[in-house]
Amino acid sequence: MALGVLLAASAESASAITMANDPHGFHQLPWGVPLADIPELTVTRTNSHTTDYEFRDRPPLYADIPVESVHLSTVDAQFARVTVRYRGAQTHSQVLQFLERSYGVIERLPGQMMRGLNQQYTWRGPDTEISLTYEANRDRGFVFIESRNLAPRFQDRISDTAE
C-alpha cells in the first residue's frame, strides 16, 4: 500500500493536451499505408496480425536525436504505431523539447513536480496520439506515436488470440 502511494506521488500527471499540428503519420508515411514494399524498411518481428519494421542501413534517430531504436508497426498490414526507445536524461530533455516545439507546450501548474520517478505526457490530435514516458530510476524513455483509429486494434488482436 505504501509503495503504491509513493509511486503515485512520484508520477507526473498523464493528462493529455490538444495537439497542435497533427502529423497524420510519421516521416511522410500516413497512417494506414502498408509498409511491406518500402525498401528503406526491414522486418524485425512478425506474427499473424502485426509486423514491426525499422529503418534499414541508418542509425536510429528521432527528430535528429540519437535514440536506441525506432520501430514502425502495422496491424493487419496497416501502419498504426511508432515506438521510440531512448536512454539518458539529456536525451529525454531533447525529446521533450522537440515534442513541445512541434505539438504544444505542456501546461505546468504551480507546485507541479517536473522531476519524478516517472514522467508521462500525452499530446492528442484528431488522427494521432503521442505519449512520452520517462522512467528516471531506470534512465530510459519511450515515445509512442499512434494512429488514434488503428492503434486500438493492437489490443483487439491480443485479446482475440489470448487463450
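Bear in mind that the values in this text are calculations on the coordinates, not laboratory data. These figures come from a predicted structure and were not determined experimentally. A quick note on method: Cβ atoms are made from the backbone with ideal geometry, for glycine too, and the neighbour counts reach across all protein chains shown.
Values as computed for the structure displayed
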item: Net lengthening on full extension, A36/L117 (0.36 nm per residue, minus Cα-Cα); result: 25.3 nm
item: 4 °C / 1.567 mPa s Stokes-Einstein diffusion coefficient of segment 26-149, Kirkwood radius on C-alpha pairs, µm²/s; result: 84
item: Separation of the N47 and Q90 label points, Cα + 7 Å toward Cβ, nm; result: 3.7
item: Spin-label model distance (nm) - R58 vs H24, 7 Å beyond Cα toward Cβ; result: 2.2
item: Segment 55-96 versus segment 35-54: alpha-carbon centroid distance in Å; result: 15
item: Residues with amide H under 5 Å from that of G104, placed H, sequence gap 5 or more; result: A20
item: Net length gained if the chain between A77 and R138 were fully extended (0.36 nm per residue, minus Cα distance); result: 18.6 nm
